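**Student:** Dropping a structure here in structure tokens format, bear with me for questions.
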Amino acid sequence: MKNWKIASNILLLCLILPISLLAQDKPSTEQKIVRAIRTDEPITIDGVLEEQIWQNEAYCDFVQSDPTDGAPPTEKTEVWVAFDDKNLYVAARLHDSQPEKIIRRLGRRDDLVDSDWFIFAVDPYYDRRTGFQFGVNPAGSIVDWTLLNDAWDDTTWDGVWETRAAIDDQGWSVEIRIPYNQLRFAKKDEYVWGVNFRRVIRRNNERMGFVWIPKEESAYVSRFAKLEGIQDIRPGRHVEILPYTVGQAQYSPKVQGNPFEQGREYTANAGFDLKLGLKSNLTLDATINPDFGQVEVDPAVINLSAFETFYTEKRPFFIEGANIFDEFGRGGATSNASISWSQPTFFYSRRIGRSPGGFVTQDGHVNFPNRSTILGALKLTGKVGEGWSIGALSSLTSREYAEIDHLGDRFRQEVEPFSFYGVLRSQKEFNQGKQGVGFIATSVIRDLRDEILDMIMNRQAFSLGLDGWSFLDKDQAWVLTGWFGVTHVKGSSDNILRLQRSSLHYFQRPDATHLEMDEQATSLTGWGARIAVNKQKGQFLFNASLGALSPGFDPNDIGFQSNSSDIINFHFLAGYHWPHPGKIFRNWLLFGGPFRNYDFGGNKFWDGYLLAVQGQLLNYWRINTLLAYNPKTVSKTLTRGGPLALIPSGYQIDFEISTDGRKPIVLFANESLYNRPSEGYRWMGSLSLQLKPSSKFSFSFGPGYTVRRSILQWVTNVKDPYMTETYETRHVFSRIHQQVLSGEIRLNWIFTPRLSLQLYLQPFLAVGKYDKFRELAQPNSFDYNIYGQEQSTIDYESGIYTVYPDGPEGPSPAFTFHNPDFNLKSLRGTVVLRWEYLPGSTLYFVWTQNRADYGHPGDLNLERDLKALLTAPGDNVLLVKISYRWNL
């Protein structure tokens with residue numbers, strides 16, 4: 001017995017000792033303290049650390065996160081922080097035993113190119129949730145971010161700050177000067193901020209930080225070190241004026257007899273932006289007669305669905321500081337999953353200045369405006385009171401007219417009303433970010449004087465949403481998030497009836513007992529909500545959510561919703577994350593689970609199970625795979641306002657792989673197959689090749705191919721009182737063979753960090769062939785009557801199909817529809833020369849080209865179509881824009 005006790009004690013000691021030694025080897029996660037030192041001597045920002053302030057003791061306790069989490073770094077890094085009345089200074093000595101191997105690639109601003117980097121992050125509110133981040137590489141290229149929701153970042157913010165880097169035989173060094181007016185913080189006598197420093201040694205794929213955050217944790221700002229010592233400063237009020245002027249020449253093919261298409265058009269414009277610091281933590285942005293044109297064109301797409309295409313925002317006024325609006329409903333959780341759920345957006349800034357929504361009813365040549373003119377806009381962002389973040393934006397757009405020329409007579413018809421757009425967002429965090437609540441409110445008010453516009457547009461649209469989160473445990477591993485919102489639109493009875501019948505609602509569905517059309521209604525109200533539980537710390541991960549959008553929910557006047565309302569969605573996902581190198585993978589993630597959708601009538605219209613694996617191999621290649629299976633369900637949108645239709649079962653297989661991004665040649669390939677054996681399939685594949693022959697030049701080319709075959713491509717709906725089986729409407733479908741060939745070509749030539757040339761080119765070819773037309777035979781089924789079989793006949797002449805559902809002598813009337821075949825050949829591109837000749841002051845030279853051809857619909861001939869693509873008539877736009885920043 002005594003020997004057994006001795007043996008058991010020895011065994012216990014053998015088990016405990018390695019664990020305790022391993023624990024001792026791990027760096028401490030206790031909060032570090034950094035002290036800033038006041039400087040009275042001027043600091044020259046040249047990257048050479050000659051000033052006396054940089055001879056003080058440095059902070060050098062860095063820890064690796066990659067390739068070995070928690071290990072000592074391979075090279076030493078020293079950092080200092082100093083300040084004076086107006087600026088914060090940061091210096092770093094980045095030692096390197098092989099300075100000739102330092103990677104110093106040039107990149108345009110906010111392009112985190114593959115190179116070595118030094119990154120400084122600061123949390124001036126010390127709310128442990130938000131902040132700013134500044135990065136510089138050995139070539140002097142810069143990136144700056146805002147930090148939000150603890151672990152998220154946003155590069156759309158462009159601060160005005162100064163930095164220089166220098167390389168010598170010890171490695172490289174950095175100096176940074178950040179004016180206080182570029183940071184937001186409440187004025188105090190003495191300040192405590194959060195701070196962190198990070199370094200990347202790209203040739204080793206090595207990342208290190210002053211603050212060590214184990215990879216099992218999902219956090220960043222909340223783990224920052226404490227920055228002390230800043231006191232008696234005078235940040236001053238930030239006043240910045242940015243006037244601009246722009247000239248544009250547009251050349252297009254001349255159209256004989258069309259007075260609006262004479263081949264050339266010249267325009268000029270001017271305006272200014274104002275940035276005013278109302279307090280040290282609140283900023284007002286105003287713009288008068290803004291230039292809200294885009295430098296880069298939107299990509300070409302073929303959309304055969306009933307829902308609009310989402311385009312990303314590219315206008316600086318709207319993208320800078322937009323994260324406070326975008327974060328609605330997502331705060332607290334650092335990772336979110338949306339399986340078969342399209343999160344509605346309460347504020348989609350591209351609604352402001354949109355293409356006019358009206359149309360012309362008179363005959364003649366038409367000069368139609370391509371966008372609504374934005375008369376002015378105001379934006380207020382920052383923090384007020386006890387931790388309330390605030391964002392407010394309002395804008396006015398002008399009344400727009402189309403000009404019509406009919407045999408020399410000129411008319412004008414209103415196509416867009418004078419409109420007001422407004423959004424207000426606020427959020428408050430409690431208990432160091434462990435809980436938070438917020439709201440968003442939006443409004444659109446249109447002055448509808450035109451009778452036609454009053455029939456197709458909402459007069460008023462309002463929405464109100466509440467959101468929040470709460471961590472459920474002390475370690476902040478589990479978090480509960482959610483939101484609830486209401487939308488309310490008003491308009492004429494004709495317009496509200498149109499809205500009820502639109503693809504977002506389909507109130508006219510004849511077999512939907514929970515829906516009812518109201519032809520006299522002058523308003524429509526709906527609600528939406530979602531709640532989710534997320535485990536985001538540790539190696540075991542979990543996410544579950546339940547969401548719903550009522551049939552009347554409609555945020556699209558100023559928001560965006562890509563799928564129909566009338567949905568109840570839930571999913572459960574469980575996963576395992578291994579963040580440390582093993583025998584095959586450097587890190588990997590496995591997750592999967594079920595998901596399902598119902599409508600408010602209890603119809604299950606989507607169902608499935610998925611399994612995904614993501615990982616990085618030891619050679620730094622990445623692979624991602626996904627498998628999914630969908631049992632048969634019904635569709636409430638396939639017939640576009642008609643009855644339910646059966647959708648057969650299907651499966652999905654996705655795979656993608658990318659090579660080591662450090663190399664001069666980088667490859668990325670992916671494929672996606674979705675197959676319903678009894679209905680059709682869609683296969684998508686793409687390949688991207690990136691070449692980096694020098695530190696100043698990069699080139700990428702990404703061809704893609706998509707093929708889709710389906711027997712259920714919707715064509716039209718036709719009223720027929722004899723088609724009683726489907727509620728007196730024939731729902732016409734077709735077999736389709738669709739092919740899309742596309743490519744993206746990008747060239748970046750960076751002369752200096754402030755002078756760059758960029759080229760973007762998108763060739764696009766899409767062909768669709770329709771045949772084997774058919775109609776739904778019975779609701780809630782997969783039964784279809786094929787035209788040309790049994791008694792029905794179908795004729796084709798001069799681009800028109802004529803269908804006799806019961807034969808030429810049958811009781812059902814014949815109906816016609818146009819040949820839906822298509823062949824779109826498009827070439828879009830832009831060349832941009834950008835020169836930031838002074839900090840915040842920019843000169844642009846832009847050439848944009850757009851060409852398209854639609855010949856030979858339904859017939860793909862690669863040689864012929866590529867030739868037509870290159871020779872098609874097109875528009876050429878030359879633009880020169882210059883802005884100058886006055887900092888008062």
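**Student:** Can you give the FRET efficiency to the nearest 0.05 for residue 470 and residue 342, using r as the Cβ-Cβ distance and R₀ = 35 Å?
**Tutor:** That pair, residue 470 with residue 342, gives E of 0.85.
**Student:** Name the helices (complete DSSP H segments) of the chain with a Cα length along the long axis of 30 Å or more and a Kyte-Doolittle mean of at least 0.0, or state none.
**Tutor:** On the way: long enough: 2-25 (34 Å, 1.03).
Correct list, ordered by number: 2-25.
**Student:** Another question about this same structure. Along the positive direction of the dipole of the chain (beta-carbon charges: Lys, Arg +1; Asp, Glu -1; about the Cα centre), which of 34, 500, 862 reaches farthest?
**Tutor:** Result: 34.
**Student:** A further question follows. With n ≥ 4 as the cut-off for DSSP H runs, can you work out [θ] at 222 nm for the chain, using -39500 (n - 2.57) per run divided by the number of residues, rounded to the nearest 500? Before the final figure, lay out the partial values.
**Tutor:** Working: 6 runs with 57 residues, N = 888.
Taking each H run of at least 4 residues, the total per residue is -2000 deg cm²/dmol.
**Student:** State the label only: which of [x] 1.06; [y] 0.98; [z] 1.01 corresponds to Rg/Rh (Cα atoms, Kirkwood Rh) computed from the shown model?
**Tutor:** Matching entry in [x] 1.06; [y] 0.98; [z] 1.01: [y].
**Student:** Say a paramagnetic label sat at a point 7 Å from the Cα of residue 494, along Cα to Cβ; which residues of segment 437-471 have their backbone N under 13 Å from it?
**Tutor:** It comes to 449-458, nothing else.
**Student:** What distance in nm separates the two pseudo spin-label positions at residue 518 and residue 60, each 7 Å out from Cα along the beta-carbon direction?
**Tutor:** Inter-label distance under the simple model: 7.4 nm.
**Student:** Next question. Taking only protein heavy atoms and a 1.4 Å probe, what accessible area per residue, in Å², does segment 831-886 have with all protein chains in place? Intermediate results must be reported in sequence, preceding the final value.
**Tutor:** Numbers: 3170 Å² over 56 residues.
I get 57 Å² per residue for segment 831-886.
**Student:** Something else about it: In debye to the nearest 20, how big a dipole does segment 677-741 give about its Cα centre with +1 on each Lys and Arg Cβ and -1 on each Asp and Glu Cβ?
**Tutor:** 500
**Student:** Given charges of +1 on the Cβ of Lys and Arg and -1 on the Cβ of Asp and Glu, with all other atoms neutral, how large is the dipole of segment 340-412 about its Cα centre, in debye to the nearest 20? It would help to have the intermediate numbers written out before the result.
**Tutor:** Values: 9 positive and 6 negative charges, 71 e Å.
Result for segment 340-412 is approximately 340 debye, rounded to the nearest 20.
**Student:** If the chain between residue 85 and residue 809 were fully stretched, how many nm would it gain, using 0.36 nm times the residue separation less the Cα-Cα distance? Intermediate values should be presented prior to the final figure.
**Tutor:** Details: separation 724, 0.36 × 724 = 260.64 nm, distance 9.27 nm.
Length gained between residue 85 and residue 809: 251.4 nm.
**Student:** Once R0 is set to 35 Å, what does the formula 1/(1 + (r/R0)^6) return for the Cβ-Cβ distance between residue 683 and residue 568, expressed as a FRET efficiency to the nearest 0.05?
**Tutor:** On the way: r = 31 Å, r/R0 = 0.89.
The calculated FRET efficiency here is 0.65.
**Student:** Same structure again: Between residue 249 and residue 375, what is 0.36 nm times their sequence separation minus the Cα-Cα distance? Round to one decimal in nm. Write down the numbers at each step before the final one.
**Tutor:** On the way: separation 126, 0.36 × 126 = 45.36 nm, distance 2.21 nm.
Full-extension gain reported as 43.1 nm.
**Student:** Right, something else. Compute the distance in nm between two label points, each set 7 Å from the Cα along the Cα-to-Cβ direction, one at residue 789 and one at residue 314.
**Tutor:** Roughly 4.7 nm, to one decimal.
**Student:** So, in nm, how far is label residue 802 from label residue 759 when the simple model puts each one 7 Å beyond its Cα toward the Cβ?
**Tutor:** 5.3
**Student:** Need the full-extension length gain, residue 746 to residue 697, defined as separation in residues times 0.36 nm minus the C-alpha distance. One decimal, nm.
**Tutor:** Working: separation 49, 0.36 × 49 = 17.64 nm, distance 1.08 nm.
Roughly 16.6 nm would be gained on extension.
**Student:** Take the Cβ-Cβ distance between residue 432 and residue 170 as r, set R0 to 51 Å, and report the resulting FRET efficiency rounded to the nearest 0.05.
**Tutor:** 0.80
**Student:** Over all directions, how big on average is the projection of the convex hull of the alpha-carbon atoms in segment 566-672, in square nanometres?
**Tutor:** On the way: hull surface 35.8 nm².
Averaged projected area of segment 566-672's Cα convex hull equals 8.9 nm².
**Student:** Please check which bits of segment 528-547 a label hung off residue 580 would reach, taking the label as a point 7 Å along Cα-to-C-beta and the cut-off as backbone N under 15 Å.
**Tutor:** Counting only backbone N, you get 538-540.
**Student:** Could I ask something else about it? Of the options 94, 471, 562, report the single residue whose Cα projects farthest towards the positive end of the charge dipole of the chain (beta-carbon charges: Lys, Arg +1; Asp, Glu -1).
**Tutor:** Going by the charge dipole, the pick is 94.
The values are calculated or read from the model by the stated rules, or taken from the named source; none is laboratory data. Bear in mind that the values here come from a model prediction, so they are computed numbers and not experimental data. So basically every Cβ, Gly included, is an ideal-geometry build from the backbone, and we count neighbours across all protein chains shown. Protein only, heavy atoms only, side chains kept; ligands, DNA and RNA dropped before computing areas. Shrake-Rupley method; radii C 1.70, N 1.55, O 1.52, S 1.80 Å.
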